[in-house]
Structure formats: C-alpha cells, structure tokens
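Input: a single structure, listed below in structure tokens.
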C-alpha cells in the first residue's frame, strides 16, 4: 500500500494511509490547505520541533482540535485525537490550549490581581462557553486526546510508527507495509496555502 503525502501549508505535511491520516506541523493556515486537498479528517497530530518560523506558530492546536471535533466529528464518532511529540512539548501545547479553550483559572486570575467583578465575569463566561460532556460538566482539554510521546525516538499509533530522525525530520511507516520520510526543514518560509 502506497502512502500519500500532501503539503497543506508550508511547515506541515499530511501523510494519508488507508485507515489513518497524520498531520505533521500545524501552522495557522493548515486547515484551509486540508480543505483545498479534500481532506475531511485526520487522526494524529505530530508536534514538530520548530515552534515558530517566519512569525508563524507551527504547533497551533486550537483550530485543528475544532476541526477534529466539529468537522470530522471525532468525539461524536467515539475517537480521540492522537497527539505525538516529546512529552515536554505535549505538556506545553496543552497548557496553551487550556488557556485558549477554557480561559484562565480562578487561581491564575487571583495571581494576576484581577478585580473581583471582572474575575466573576471571566469565570462565568468561560464556564458557559466551554465544551461540556453529556453530564453538562466542563470537559478537560486532555479528554480530547490520546497522548503518544516519543520513547527512544519512536511513537506508535493504531496504524503508524513514527520515528524521529532529527530536527523536524520523521519517518512514518504504515503497518510495516510502506514508509515515507518527511523533512519539514525544506520549508524555509511560511506562506499562505492559497492565492489572495
């Protein structure tokens, strides 16, 4: 079985197997590029080494998560999104995602010296707008993911083995049948994936 590789945006690649799609790198315009290439879902996100390039963040998880939840209907279909990377990078990405999805906690607002009225407004809005489970409880950011940290430079998902080969370089093998090498360093600039 041949793997298909596409470049949805500079700083990213999608590798498509028959039962799983892996997205390496998540620059701001990656979703538009996926839609342009008629990719309606992905199963795995790989956090690349370069966190930013050319003024663009490359491990931007908020919009890929929304895409997984609301376009691909991942949770509705009983799936979790695989998040592959170094354990430290996964932890950092989750902290940022928690802030962007759920807003600051009461302790953080207290620590920042936020006035009481504004604190109540923020916490009330955050709770009202947050994604909730079937029991109407706020879902923790971690509940959307299956964490797959690299161990000895290797991570395994349901169908792929992802080997870390060096800074922004990876080898993806699909069920020991086919493999492909990805080098995100080839993208020296981060440009929009569509014409303005």
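The values are calculated or read from the model by the stated rules, or taken from the named source; none is laboratory data. These figures come from a predicted structure and were not determined experimentally. Cβ atoms come from the backbone with ideal geometry, glycine included; neighbour counts cover every protein chain shown.
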For the stretch 28-49, which residues satisfy the criterion of being surrounded by fewer than 20 Cβ atoms within 10 Å (Cβ to Cβ) and touching a strand residue (DSSP E or B) at 6+ places or on another chain (Cβ under 9 Å)?
28, 37, 39, 41, 49
Filter the stretch 161-196 down to residues that are surrounded by 13 or more Cβ atoms within 10 Å (Cβ to Cβ) and on the phi > 0 side of the Ramachandran plot and give me whichever is modelled with the highest pLDDT.
168
Is it the case that residue 17 is farther than 27 Å from residue 167 by Cα, surrounded by 19 or more Cβ atoms within 10 Å (Cβ to Cβ) and in contact (Cβ under 8 Å) with a residue 24 or more places away in the chain?
no
Is one or more of the residues making up the stretch 73-90 under 12 Å from the mean Cα position of the chain (by Cα), closer than 24 Å to residue 149 by Cα, in a helix (DSSP H, G or I) and modelled with pLDDT of 90 or more?
yes
Taking residue 25 as the residue in question, decide whether it is surrounded by 15 or more Cβ atoms within 10 Å (Cβ to Cβ), touching a helix residue (DSSP H, G or I) at 6+ places or on another chain (Cβ under 8 Å), within 14 Å of residue 145 (Cα to Cα) and touching a residue at least 24 places away in the same chain (Cβ under 8 Å).
no
